[in-house]
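The values are calculated or read from the model by the stated rules, or taken from the named source; none is laboratory data. Bear in mind the structure is a predicted one, so any value in this text is a computation, not a measurement. Here Cβ is always computed from backbone atoms with ideal geometry, including for glycine, and neighbour counts include all displayed protein chains.
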Amino acid sequence: MDILKGLRLAVPTVVALLTFWSAAESADFPVRSFGKPFFLVDAVALPSGSDSARVDLTWEVPYRELVFRREEEYYRARYDVGVVLSRGNHEVFAEIWDRRVRTRSFSETRESGRQAKVRKVLRLPSGRYEVRITLTDRASLGSSQAVAEIDADFGDSRIGLSDLRFVRYTEDDEVIPNPAHDVPVGQPGHFVRLTLHPEGGTGGVYLLKWRLESTGRDRVAERDTSVVVAGEAVPFEFQIPSQDLTPGVYRLEVKLEGSAGERERRKATVYARVTPAWFEIHRDEALDIFRFVASREELERLEKGSPASWAERVREFWARRDQDPQSPENTFQIEIQSRMEMAAAWFDEPFRRPGWTTDRGRTLLRHGRPDRRTVLDADLDGPARELWEYDSPRLTFLFVDERGVGEYWLRS
């Protein structure tokens, strides 16, 4: 049986940029410019002959991570992907691919489930390689990079892990793929699937570990499970503890360890989404949000009354703010939830979490996305800073990372 060796990475940005967004493009404000853009990479090595290997490289770029520009009747984004493979100090492969993505509407560029997926197949001599993958958005020049090892040396291998696949079980036990890794907070039925692939007649007892933690390295959940392998592929799945999550971005890591020292590891990013029920369950946290989006009179109505009537008062607030009661969707509520998720994902400061508790997050909650945002790195002229500008009404906000720890405070 072929052995599957893979790597799945969520890649943080490595370049901070000075970016200007014109008022004319306010409708196209790129969500990912708020923080750390990422892409997902699968690097899977398979045997291909006695002394060679086939390496399948697949990258997935969520549309919301790219900057789309209006061109005639459609929106288009362009990005470059550079791949370098090396053994020691010797570079054995290097290539750059120019990719383009088109959509008919701007709303498609923001849908969480949409992503650009490309697969490349390389044939290399067996061995261990360092792979360096760089993604650069052509419009913003934002660049992200992943560096990792690919083990294409199958002589000593005994067992491997497949890539992590996210699915959701409905109440009718229907299985729905979840390629976007979106997990609504508190919604049950979200699972991760993987497969143990043994070599030949390899067998034994293996320890499978998984750990879920926030981007700030706060551990949310972890489990250890013994798995018996008897020479055949073993499927495995576990449930994501959605009830323990708050809206934001999480890292999932799965490790496989054997008695002979074998070790395989896979990683993935999990996006915990806000749901209407979240506001009804988490009263204190919800009030922190409402203080920035509700009027004084609305806030007083929300704060008064018994705990038992809290959920009803929340529903009344959303109903009063609904701009189109005939529509099944409350656009105001969706916008606030979007701002919360955006703040949680991009303003992950060391000492203030989730992101909407930061000064930038609170500004985003209250005023929405700025018409222009200027980002400056720390230099001889001062610390890192951001300038947000709104045109209607005319507002400006300056945020400064005075201590150089990634914590931005509103200063004017």
- line: Among the residues of the range 267-276, the number that are under 22 Å from Glu329 (Cα atoms) and buried (at least 17 other Cβ atoms within 10 Å of the Cβ) is 4
query: Quick check: anything in the range 18-26 buried (at least 19 other Cβ atoms within 10 Å of the Cβ), in the same structural domain as Glu130 (by TED's automatic domain parsing), modelled with pLDDT under 85 and not aliphatic (A, V, I, L, M)?
result: yes
task: Scan (1) surrounded by 18 or more Cβ atoms within 10 Å (Cβ to Cβ); (2) acidic (Asp, Glu); (3) at pLDDT below 85 for the single condition Glu329 breaks and write down its number.
output: (1)
- prompt: Considering only residues of the range 350-384 that are hydrophobic (A, V, I, L, M, F, W, C) and within 17 Å of Arg403 (Cβ to Cβ), which is modelled with the lowest pLDDT?
  reply: Phe351
message: Can you tell me which condition Leu302 does not meet? The list is (1) within 19 Å of Thr215 (Cα to Cα); (2) at pLDDT 85 or above, and all the others hold.
response: (1)
task: Mind listing just one residue for me: the one in the range 55-77 that is part of a strand (DSSP E or B), within 14 Å of Ser140 (Cα to Cα) and not hydrophobic (A, V, I, L, M, F, W, C) and, of those, modelled with the highest pLDDT?
output: Arg76
message: I'd like the residue in the range 95-151 that is outside any loop (DSSP other than H, G, I, E, B), modelled with pLDDT of 85 or more and polar (S, T, N, Q) and, out of all such residues, is nearest to Leu85 (Cα to Cα).
response: Thr134
- request: Select, from Phe279, Phe236, the only residue that is out of contact with any Phe, Trp or Tyr (no Cβ under 6 Å at 6 or more places or on another chain), crowded, with 16+ Cβ neighbours inside 10 Å and not assigned by TED's automatic domain parsing to the domain that holds Phe191.
  value: Phe279
- line: Residue count, the range 203-222, condition under 21 Å from Phe191 (Cα atoms) and within 15 Å of the chain's Cα centre (by Cα), comes to 4
query: In the range 174-187, what residues are farther than 17 Å from Leu164 by Cα and surrounded by fewer than 15 Cβ atoms within 10 Å (Cβ to Cβ)?
result: Glu174
message: If I filter the range 371-378 for residues that are closer than 23 Å to Phe332 by Cα, touching a Phe, Trp or Tyr at 6+ places or on another chain (Cβ under 8 Å) and surrounded by 16 or more Cβ atoms within 10 Å (Cβ to Cβ), do I get at least one hit?
response: yes
message: Here is a check on your reading of the model: is Thr374 out of contact with any helix residue (DSSP H, G or I) (no Cβ under 7 Å at 6 or more places or on another chain), over 22 Å from Thr215 (Cα atoms) and outside any loop (DSSP other than H, G, I, E, B)?
response: yes
- prompt: Which of the residues belonging to the range 377-412 are at positive phi and assigned to a strand (DSSP E or B)?
  reply: Gly382
statement: With the first residue restricted to the range 87-108 and required to be closer than 17 Å to Tyr75 by Cα, and the second required to be surrounded by fewer than 10 Cβ atoms within 10 Å (Cβ to Cβ), Cβ contacts under 8 Å at 6 or more apart or on different chains are Arg104/Glu73; Phe106/Ala27
